[in-house]
Every structure is written in structure tokens, then in C-alpha cells.
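The values are calculated or read from the model by the stated rules, or taken from the named source; none is laboratory data. In this text, all values refer to a predicted model and were calculated from it rather than measured experimentally. Cβ placement follows ideal geometry from the backbone for every residue including glycine, while neighbour counts extend to all protein chains displayed. Areas reflect the complete protein model, heavy atoms only, side chains present, ligands, DNA and RNA absent. Shrake-Rupley method; radii C 1.70, N 1.55, O 1.52, S 1.80 Å.
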Amino acid sequence: TELKTVAEQNIPVKILILDNESQMMVEYWQRLFHDERYLAVTNTVNPKYGTLADAFNIKNLYCDNQEDLADVMKEFLFADPDKPVLMHARIEKTPCLPLVAPGAPLQDMILEDSDTDYGFDASAAPS
């Protein structure tokens, strides 16, 4: 319904979907606090976001590589300033950090994961 409203009212919002086909925060919580009982952490069936945007006549863009990212972002942000635009960007699976354990104070925030084995640079996590 949100895309319908955006289209009907011609709201010039820019919608960026960062898609790594996973729910990393959910996965972290299930690993750290629920004895690795994983449920619904991988999105194996996603909608075709471009087709969905097309259904509402909303311009849409797609990017799945770093080489094209700057040009696609420029088009996404500046080519149609008075129209809604949806951009679907495929990204690598990265840690969802920092996070706070249930019931823990903010000063006990978990800032890094030394046990990852996803094949990415843990220092790439936002700080």
C-alpha cells in the first residue's frame, strides 16, 4: 500500500532496498541468545522489486556491482528529483553490529564478532 500511495500522490521519495538475502540482526540474536535455533534468517524467496515498482509506474533501478554503483546512485538521487524512484541494490552479507543484548545497558553494546565465518572482513561493520 505504501507504493500505491507514493504513486497516487506522486511523492518524490527515493526508496533504496539494500538486499543481502538475509536477516542478519535476527540471525545474530538467534545465534547469540537463542542457542543457534535459526528460523527465518535467509530470504530465499524475495519479490521482484523492479516488477513491483513497475506495477505502480514507479521508476526503478538495479545495481549488483561496485563498478556501476556511482552512476546508478547518481541517477537514483538526481535524474528525477520530482518523481518517486526505487533502487534495488544487491549487497554482501555483513555483520549487523553494533547490537545490545536483551536487558543489557547501552554501554554493554556488542561492537564486534570475532566468531564470524561468513568470509567477510569484520572490520567492515559500521562503528
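Going down the table (48/74; 14/74; 4/59; 14/59; 4/83), which pairs top 19 Å between alpha carbons?
Table pairs above 19 Å Cα-Cα are 48/74.
Taking GluC sites (Glu not before Pro) as exposed when DSSP calls them loop (any state but H, G, I, E, B) and at most 13 other Cβ atoms lie within 10 Å, what is the longest stretch of the chain free of them, the sites themselves excluded?
Counting only loop sites that pass the neighbour cut-off, the longest clear stretch is 37-91.
Farthest toward the dipole's positive end in the chain, which of 24, 103, 46, given Cβ charges of +1 (Lys, Arg) and -1 (Asp, Glu) about the Cα centre?
46
Tell me, what HN-Hα J-couplings in whole Hz come from the Karplus equation 6.51 cos²θ - 1.76 cosθ + 1.60 at θ = phi - 60° for each residue of region 74-84, using x for Gly and Pro?
Once θ is set to phi - 60°, the couplings for region 74-84 become 4, 5, 4, 7, 10, 5, 10, x, 9, 9, x Hz.
Heavy atoms only, 1.4 Å probe, whole protein assembly: order 62, 28, 49 by accessible area, highest first.
My answer, sorted largest first, is 62, 49, 28.
What does the charge count near residue 48 come to, summing +1 for each Lys or Arg and -1 for each Asp or Glu among other residues with Cβ under 14 Å from its Cβ?
It works out to a net charge of -3.
Which shape class, rounded, prolate or oblate, goes with the chain when its Cα gyration tensor gives a ≥ b ≥ c as root eigenvalues, a/c under 1.5 marks rounded, and past that a/b bigger than b/c marks prolate?
Prolate.
Not counting ligands, DNA or RNA, and with a 1.4 Å probe, what is residue 74's accessible surface area in Å² rounded to the nearest 10?
120 Å²
On average, how much accessible surface per residue is there in the chain, in Å², for a 1.4 Å probe, leaving out ligands, DNA and RNA?
69 Å²
If you add up the charges near residue 87, with Lys and Arg at +1 and Asp and Glu at -1, over every other residue whose beta carbon is less than 9 angstrom from its beta carbon, what do you get?
Cβ neighbours under 9 Å give a net charge of 0.
When Lys and Arg each count +1 and Asp and Glu each count -1, what net charge do the other residues less than 9 Å away from residue 21, Cβ to Cβ, add up to?
Around residue 21, the surrounding residues sum to +1.
With a 10 Å cut-off between alpha carbons and a GNM built on the chain, which of 23, 107, 66 moves the most?
The residue that fluctuates most here is 107.
What are the residues whose amide H is under 5 Å from the amide H of residue 60, where those residues sit 5 or more places off or on another chain and H is modelled from the backbone?
Those lying under 5 Å, H to H, from residue 60 are 86.
Using helices alone, I'd like the mean residue ellipticity at 222 nm for the chain: each DSSP H run of four-plus residues gives -39500 (n - 2.57), total over residue count, nearest 500.
-7500 deg cm²/dmol
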